[in-house]
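Beneath this line is the structure, given in structure tokens, with notes to follow.
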Amino acid sequence: MNRLSIPWRLGLLVLALALPLNLIILGAIWVLINQADNVQRTSLLYSARTIAAAVDAELGKYIVLAESLAGSPALREDNLDAFEAEVRRKVPSARSVWVLVADINGQQLVNTMAQPKQPLPRRNPMAIEAQRRATATGDTVISDVMQDPIAQGWIVTIEVPIFRDGELFRGLAIVIRAQEFLSLLSARDIPRNWLVRIIDSQSRYVVRVPQGAIKVGQPAAQEGRAAKDRTGLFEYPSLEGDALITANVHPSIASWTVGVAVKKTELQAEAWNTVRWAAFLGSGLSVASLLLAVMLARQITHPIDKLRQSFADSSVEPTKLIETGPPEILELQDTLYRSAQALTGTLSRLEREMDLREETQAALAKSQRMEAVGQLAGGMAHDFNNVLAAISSYLDVVPLRSND
């Protein structure tokens, strides 16, 4: 640890600070993902309930119409021509909804879809079964989806039994094309990537958005058929093989099931889109922190490098090279500059003292040499003087002996 450079130390410091922050951001992202997922699932359930309420409202409108027509005096008096004329006045001429009257065996007597006086066939078996259920219960019955030979398409019926004097007399039906319910799915601001469908009690499609290759009357996926009697959120594959998250709701009037689904991958993608900004924020903070650490490291190491270069050559007097930088570095430069100046003066005085000492030592050595020479010369002179003295004394004797 002591050998780490300043940039590495700053990097570790940034990581030590950024790691807890990133962990917090990751935790927040995870919470947001779960919340976004829950919101999407709640939206599925809410949309399914909204569509189911719209189905109830649509069917309720036609039930009111059927019950109103069932109380017609012309119908109870079996005046079918008058009743048909009354129906054509009350029910607008449309190709999506019409009125049918049949006897207790299912033979059609009135059908506003057909031309007046046109021979009418017996009702199809599924319609007769729905009529009999209404007769058995004495109440209005919503049929499953079925094909109609006159309309040449898929329909559903609202069956109302007609009694006279306590005896079953006729069966009245409001016939609705299945495509009429498509507007209920398209007018609910459903996202394009969501799958919305209505299936009947036999798990066959009444309508479906998007339609694709799925036809009205086609059975739903096996897992969808298994979950049709339950409400809430479920996961199962669609007919196309995609994993779906589906919200099921039952309308209160019909034994149908409204389902709103989305592909699981798309739901997860939407959840990630919701929290993408948090991921960008976390990564952006990390990158910004590392860049800030690099910038701080350069601001610290660059002045230090210049200081090192400035004081590296001891033979050159240092100069103040740094003009900007952290206050601590500038204070360190001033301290080193003053110390270097003091050291330079001390070295100069020391050099002068050393030169003076060398000169003194040279003079002392010369003096010592001169003293030695003087001592030698003095000794020699003394010895020579002694010889001369002896000679001089003998010279004084030489003349005396000559006189003798």
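What the table shows:
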{"item": "Inter-probe distance in nm under a simple model that places probes 7 Å from Cα toward Cβ, at Ala390 and Gln222", "result": "15.3"}
{"item": "Region 339-358-region 41-120 distance, computed between alpha-carbon centres (Å)", "result": "121"}
{"item": "Cα→Cβ-extended label distance, 7 Å offset, between Ala340 and Gln179, nm", "result": "9.4"}
{"item": "Packing rank of 243-250, 254-261, 110-117, 380-387, where each peptide gets the mean count of other beta carbons within 10 Å, highest leading", "result": "254-261, 243-250, 110-117, 380-387"}
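Any read-out appearing in this document is the output of simple, stated calculations on the displayed coordinates, not a laboratory observation. This one's a predicted model, so the numbers in the text were calculated from it and none came from an experiment. All Cβ positions, glycine included, derive from the backbone under ideal geometry; neighbour counts span all protein chains shown.
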